[in-house]
Amino acid sequence: MKSINIELMLAKVQKLCEQRAVRLTPQRQLVLRLMAEQKNAISAYDLLDLLRLSEPQAKPPTVYRALDFLLEQGFIHKIESTNSYVVCHHVGEPLHTSALFICDSCGLVTEYHAQGIDRLLEELAEKSHFTIQHSVLETHGVCSKCVKA
């Protein structure tokens with residue numbers, strides 16, 4: 001994934017939470033920070049292990065509640081095929097379709113805003129009287145670094 005300025009992203013998330021009248025608790029913020037510090041996607045249990053370094057009493061529901069909140073607010077994406085999570089690089093943008101390219105060799109996840117696909121999905125949804133609330137496309141393959149290796 002491309003690197004992100006974690007402090008800038010957290011400030012943006014805090015501001016969005018205030019605008020939406022939802023609470024970014026210290027635990028939710030810590031989970032988001034831990035995710036942002038990862039190079040690749042992370043599972044809930046790996047996240048729990050990291051969280052326990054600063055909060056030894058943390059239990060699985062603690063992480064899952066934080067992940068549910070972050071997903072609901074659009075701050076992270078769940079990669080269904082690997083049951084893992086990544087930070088959204090388009091935090092605060094209106095509804096968008098994220099195209100996630102997942103390297104099956106090294107685990108690198110790269111996110112792109114799939115603008116052309118957005119329009120196609122909107123047209124299809126309109127034809128079937130369907131309201132899109134969330135859309136993530138997952139594509140598996142091999143990144144350029146792993147192809148060269």
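Assessment of the stretch 89-97 against the conditions (surrounded by 12 or more Cβ atoms within 10 Å (Cβ to Cβ), of a type in the set (Ser, Thr, Tyr) and either farther than 23 Å from Leu24 by Cα or not assigned by TED's automatic domain parsing to the domain that holds Cys17 (or both)) yields at least one matching residue. For the stretch 71-94, a residue qualifies if it is among the aliphatic types (A, V, I, L, M) and free of Cβ contacts under 8 Å to residues at least 40 places away in the same chain, and exactly one does: Leu71.
Kindly indicate which of Asp104, Asp68 is without any contact (Cβ under 8 Å) to a residue 60 or more places away in the chain, surrounded by fewer than 17 Cβ atoms within 10 Å (Cβ to Cβ), among the acidic types (Asp, Glu) and closer than 11 Å to Thr139 by Cβ. Write out each step before concluding.
Working: Asp68 fails: closer than 11 Å to Thr139 by Cβ.
When all the criteria are applied, what remains is Asp104.
Please tell me if Leu71 is of a type in the set (A, V, I, L, M) and within 12 Å of the chain's Cα centre (by Cα). Yes: the conditions hold for Leu71.
Answer with yes or no whether Gly107 is at positive phi and either at pLDDT below 95 or assigned by TED's automatic domain parsing to the domain that holds Val136 (or both).
On the way: at positive phi: yes; either at pLDDT below 95 or assigned by TED's automatic domain parsing to the domain that holds Val136 (or both): yes.
For Gly107, the condition - at positive phi and either at pLDDT below 95 or assigned by TED's automatic domain parsing to the domain that holds Val136 (or both) - is met.
Each residue in the stretch 10-38 was checked for being among the polar types (S, T, N, Q) and assigned to a helix (DSSP H, G or I), and 4 pass.
Is it the case that the stretch 73-89 has a residue that's acidic (Asp, Glu) and closer than 18 Å to Val136 by Cβ? Looking through the stretch 73-89, at least one residue is acidic (Asp, Glu) and closer than 18 Å to Val136 by Cβ. Note on the stretch 53-65: residues that are farther than 29 Å from Glu93 by Cα, in contact (Cβ under 8 Å) with a residue 12 or more places away in the chain and of a type in the set (S, T, N, Q) total 1.
One residue stands out in the stretch 1-46 among those that are more than 24 Å from Tyr112 (Cα to Cα) and of a type in the set (A, V, I, L, M): the one that is surrounded by the fewest Cβ atoms within 10 Å (Cβ to Cβ), namely Ala21.
When you scan the stretch 34-55, do you find a residue that is outside the structural domain of Val136 (by TED's automatic domain parsing), of a type in the set (Val, Ile, Thr) and closer than 25 Å to Val147 by Cα, even just one? Step through it out loud before you land on a result.
Our first condition is that a residue be outside the structural domain of Val136 (by TED's automatic domain parsing); within the stretch 34-55, this holds for 34-55.
Filter again for of a type in the set (Val, Ile, Thr), leaving 42.
Filter once more, so that each one left must be closer than 25 Å to Val147 by Cα: 42.
Yes, the stretch 34-55 contains a residue that is outside the structural domain of Val136 (by TED's automatic domain parsing), of a type in the set (Val, Ile, Thr) and closer than 25 Å to Val147 by Cα.
The values are calculated or read from the model by the stated rules, or taken from the named source; none is laboratory data. Note that this is a predicted model, so its numbers are computed, not measured. No Cβ is skipped: glycine too gets one built from the backbone with ideal geometry, and neighbour counts run over all protein chains shown.
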